[in-house]
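Participant: Sharing a structure here in structure tokens format.
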Amino acid sequence: MYHMAVRITDYLIKHKVVSMNVREEYIYGFEILTGKIINYGTLLGLAYLNGNLIPTIFFMFVFFSLRGQTGGYHCKHTLSCYLCTWIIYMMIWIIPPLLLQSRYIIVTVSILSTMIILLVAPVNHPNLRLSNEEIFICRRFSRRITLLIITGIFISLWLNVIHVSVLYAATALAMDAGLLVIAKFIKQEVSG
């Protein structure tokens, strides 16, 4: 991905779309963008092939909305990030059926995940180096998103509607909370 990002950036510099003094920033940006396109494209392709495209899109929407604000564990290399994305995708095959076994499991997982997110998020990853103001904004926004998600889950359970979206929302909360715990455990954060 790095080499592709370099080629794209150099092409833009050659055609005077961007200047040479921002080359490294563009390489980094295109590397991140390329990785996301490959990761998300793979997930959506697999979801389509497995017949669960809509639930996967719902999961991705909830999970990435949270993840963008909460931080959490980040892989050091592109390949390990790709493999972790696959693991997360495999978990969305495993966790929802477990949650479906009992409303109490859904409630317990949702409450525990919410508590972790509310208490721990955001985790300031060394590559981000968020300022104290940015940490405050991420914390406030992640709490709002989390409370909105858990409210939706509880309303659905109260109405006795255990739809696949409820299971995938609870799974997204659990996955996000899990990545926060891992990042804290391995001390993968910096102070603001």
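The values are calculated or read from the model by the stated rules, or taken from the named source; none is laboratory data. Quantities reported herein were computed from a predicted structural model and do not represent experimental measurements. FYI the Cβ positions are ideal-geometry reconstructions off the backbone, even for glycines, and counts take in every protein chain you see. Side chains included, ligands, DNA and RNA excluded: accessible areas come from the protein's heavy atoms. Shrake-Rupley method; radii C 1.70, N 1.55, O 1.52, S 1.80 Å.
Participant: Could you identify the single residue in Ile162, Ile117 that is out of contact with any strand residue (DSSP E or B) (no Cβ under 7 Å at 6 or more places or on another chain), surrounded by 13 or more Cβ atoms within 10 Å (Cβ to Cβ) and in a loop (DSSP other than H, G, I, E, B)?
Facilitator: Step by step, each of Ile162, Ile117 is checked, and only Ile162 is out of contact with any strand residue (DSSP E or B) (no Cβ under 7 Å at 6 or more places or on another chain), surrounded by 13 or more Cβ atoms within 10 Å (Cβ to Cβ) and in a loop (DSSP other than H, G, I, E, B).
Participant: While we're on this one: When you scan the range 59-74, how many residues do you find that are of a type outside the set (A, V, I, L, M) and at pLDDT 85 or above?
Facilitator: Residues meeting the conditions: 8.
Participant: Right, next: Go through the range 98-113 and count every residue that is of a type in the set (S, T, N, Q) and either surrounded by fewer than 20 Cβ atoms within 10 Å (Cβ to Cβ) or part of a loop (DSSP other than H, G, I, E, B) (or both).
Facilitator: The qualifying residues number 3.
Participant: A further question follows. Name the single residue, out of those in the range 147-157 being farther than 13 Å from Ala177 by Cβ and either outside any helix (DSSP H, G or I) or touching a residue at least 40 places away in the same chain (Cβ under 8 Å) (or both), that is most open to solvent (accessible area, probe 1.4 Å).
Facilitator: Taking the candidates together, the pick is Phe154.
Participant: Taking helices (runs of 4 or more DSSP H) that fall entirely within the range 1-86, which contain at least 1 residues that are over 30 Å from Ile149 (Cα atoms), open to solvent by 60 Å² or more (accessible area, probe 1.4 Å) and not polar (S, T, N, Q)?
Facilitator: Those helices (runs of 4 or more DSSP H) span 2-14, 23-50.
Participant: Mind listing whichever residues of the range 120-146 are surrounded by 13 or more Cβ atoms within 10 Å (Cβ to Cβ) and in a helix (DSSP H, G or I)?
Facilitator: Answer for the range 120-146, where residues must be surrounded by 13 or more Cβ atoms within 10 Å (Cβ to Cβ) and in a helix (DSSP H, G or I): Val120, Glu134, Ile135, Phe136, Ile137, Cys138, Arg139, Phe141, Ser142, Arg143, Ile145, Thr146.
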